[in-house]
Amino acid sequence: MYIAEVDEEARKRTLARAGLNPLVLERGSEVDKRTSDVAAFFKTGELNPDSNVQFGEGGAGTFSDGKLTTGIKDIRCRAVLKEFYTHGADISVTYDAKPHIGTDVLKTVVKNIRNEIISLGGEIRFDSLLKSINTKNNKVVSVTVNGEDIPADCVILSTGHSARDTFKMLKDIGVSMEKKPFSVGVRIEHLQKDINRALYGSFADSPYLGSADYKLSVHLENGRGVYTFCMCPGGEVINSSSENGAIAVNGMSNSKRDGENANSALLVGVLPEDFSGDVLSGLHFQEKIEKAAYSVKNGAVPIDTVGHFVYNGAAKIGKIKPTVKPETVFCDLEDIFPHFVTESLKNGIVEFAKKIEGFDDKDAILTAPETRSSSPVRILRDENGVSNLNGLYPAGEGAGYAGGIMSAAVDGIKTAEKVIDQLGFSRTNQKN
Ligand SMILES: Cc1cc2nc3c(=O)[nH]c(=O)nc-3n(C[C@H](O)[C@H](O)[C@H](O)COP(=O)(O)OP(=O)(O)OC[C@H]3O[C@@H](n4cnc5c(N)ncnc54)[C@H](O)[C@@H]3O)c2cc1C
């Protein structure tokens, strides 16, 4: 087959195009209402626990840099890039080595995807939290949403890594899960022009080069891995909390990536051996850090400078201004994280300054905590993509099978293919 034919095949093998009339249940709101909820949160600190940076139309990636780089090698990646382009992203996403969309454009893309699903006979219900999955003889028979039991013999569960209430419900109904490694740390902010100078040298002011990005990792003597992740050139750190009384941060950029600061997650690997307890103990480990961050000053976002944290200098804002909203508070990061995390972060910053001049700038801002870089559990599934409950297909990042927009999208397509294969085309009415 030619590549174009392969792409076309991948395009057809999604639920709505295969004529399966999927019902999409989304706990959060449609993207315009969600955008207002997020704007209100950034202004007032008042959180809507079901409509925020993590939850709502488009998922966690909607308020992101929209980086589409991935470590996975799968021919479906090409089909995903094409989908983004045909639904509103710039054509450059189909050929750039490091494609990115930007929060501003992503909002249009997710609306266009929604409209296509509806035009193919699918249905999308917003503000519809999946509260429980009901079974008979170990088989899914219905789901409960807003007090209504909706009959269902096939449920794809792709709730992302922040749906802690859903993980708890899954444990209660006996879905098989296992602990998995994840990472925690901070966002680090520098001036983008300093990063450009460090990486582009004398070409730093060239109008032909976009804002520079970086990716760094080191294995420390204490046995821990420290790495940068999801670097957002010209971006902002955002308050990505989804629960009252807890803080989590992340990063985003608009399509032009023209903000004053560069930010990146700076993370330390955490292993299941670092926390004891049941299968959800990694989730509790994250929660404990997020709650400690919240309690520093009633929801103000904790920050520190590299000058204070690493070099014991004064805790004061210098030339780099924190971008996170609405309010920040200086704090001792030891009050939030276990010691192995802060020790590793300090050593990591010193090591990375050997690779990028100025990485340990004393004015660099550290914003805490970044706890949601990946899921703390994996929901087990067999070679057909099915969990120990017949008819339940765990997929995406929250289920532990993806790490980012691209790999989550590819896992979604693979899961749809398995569903189509198992339900059989007899039940479908191939469209498009
Ligand atoms: C601010 C931010 C920036 C990011 N930047 C990037 C980036 O630039 N590049 C990149 O590759 N990755 C980025 N990521 C990570 C990326 O967004 C995720 O890897 C990806 O979205 C995972 O996709 P998913 O479909 O598995 O889960 P999600 O996108 O999390 O989607 C899960 C959906 O399920 C809904 N849901 C949860 N529970 C329920 C329930 N019980 N009932 C009904 N609905 C429910 C949620 O509301 C959500 O919409 C970023 C994440 C954040 C938060």
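The values are calculated or read from the model by the stated rules, or taken from the named source; none is laboratory data. It should be emphasised that the depicted structure is a prediction, and the values quoted were computed from it without experimental measurement. Here the Cβ positions follow ideal geometry from the backbone for every residue, glycine too, while neighbour counts run over all protein chains shown. Note: accessible area is taken over every heavy atom of the protein model, side chains too, but ligands, DNA and RNA are not part of it. Shrake-Rupley method; radii C 1.70, N 1.55, O 1.52, S 1.80 Å.
Which angle from 0 to 90°, rounded to the nearest 10, does the C-alpha axis of helix 31-44 make with the longest principal axis of the chain?
30
If you restrict to DSSP beta bridges whose two residues both lie in segment 181-370, what percentage is antiparallel, to the nearest 5?
Details: 29 of 32 bridges.
Of those bridges, close to 90 percent are antiparallel.
What range in the chain is the longest one free of GluC sites (Glu not before Pro) that are in a loop by DSSP and have at most 16 other Cβ atoms within 10 angstrom? Provide the component values of the computation, followed by the final result.
Details: sites that count: GLU46, GLU221, GLU260, GLU327, GLU357, GLU383.
Looking at the chain, 47-220 is the longest stretch - no exposed GluC sites (Glu not before Pro) with at most 16 other Cβ atoms within 10 Å.
Please turn the phi angles of segment 101-107 into ³J(HN,Hα) values with the Karplus equation 6.51 cos²θ - 1.76 cosθ + 1.60 (θ = phi - 60°), one per residue in order, whole Hz, x for glycine and proline.
For segment 101-107, the Karplus curve yields 9, x, 4, 4, 7, 4, 4 Hz.
List the lysines whose alpha-carbon lies under 22 Å from that of LYS316, not counting same-chain residues fewer than 8 positions away?
LYS193, LYS297, LYS325, LYS346, LYS362
Using a 1.4 angstrom probe, figure out how much accessible area segment 181-370 has per residue, in square angstrom, rounded to the nearest whole.
Numbers: 8050 Å² over 190 residues.
On a per-residue basis, segment 181-370 sits at 42 Å².
Could you tell me whether segment 183-241 comes out rounded, prolate or oblate from its Cα gyration tensor? Rule is a ≥ b ≥ c as square roots of the eigenvalues, rounded for a/c under 1.5, then prolate if a/b exceeds b/c, otherwise oblate.
Working: a/c = 3.25, a/b = 1.54, b/c = 2.11.
Taking the square roots of the gyration eigenvalues as a ≥ b ≥ c, segment 183-241 is oblate.
Over the chain, with every protein chain in place, what whole percent of the accessible area is carbon and sulfur at 1.4 Å, could you tell me? Show your work: numbers first, answer last.
Details: 9700 of 19030 Å².
Answer for the chain: carbon and sulfur cover 51 percent of the accessible area.
For ILE124, enumerate residues with amide H under 5 Å from its amide H, sequence gap 5+ or separate chain, H modeled in the peptide plane.
Those lying under 5 Å, H to H, from ILE124 are VAL24.
Distance cut-off 27 Å, Cα to Cα: go down the list LYS131/LYS414; LYS288/LYS319; LYS288/LYS418; LYS82/LYS414; LYS256/LYS288 and report the pairs above it. Please report the intermediate quantities before stating the final value.
On the way: LYS131/LYS414 25 Å; LYS288/LYS319 32 Å; LYS288/LYS418 37 Å; LYS82/LYS414 16 Å; LYS256/LYS288 36 Å.
Going by Cα-Cα distance, LYS288/LYS319; LYS288/LYS418; LYS256/LYS288 fall outside the 27 Å limit.
Under 5 Å between amide H atoms, partner at least 5 residues away or on a different chain: which partners does MET177 have, H built in plane at 1.01 Å?
LEU380
Please give me, ordered by residue number, the trypsin sites (Lys or Arg not before Pro) of segment 49-149 that lie in loop per DSSP and have at most 11 other Cβ atoms within 10 Å.
Of the trypsin sites (Lys or Arg not before Pro), the ones in loops of segment 49-149 whose Cβ has at most 11 other Cβ atoms within 10 Å are LYS73.
What net charge do the residues around ARG381 carry, taking every other residue with its C-beta under 15 Å from that of ARG381, with Lys and Arg at +1 and Asp and Glu at -1?
-3
Around SER142, with a cut-off of 13 angstrom between Cβ atoms, what is the net charge of the other residues, counting Lys and Arg +1 and Asp and Glu -1? It would help to have the intermediate numbers written out before the result.
On the way: positive: LYS131, LYS136, LYS139; negative: GLU148, ASP149, ASP153.
Result for the local shell: 0.
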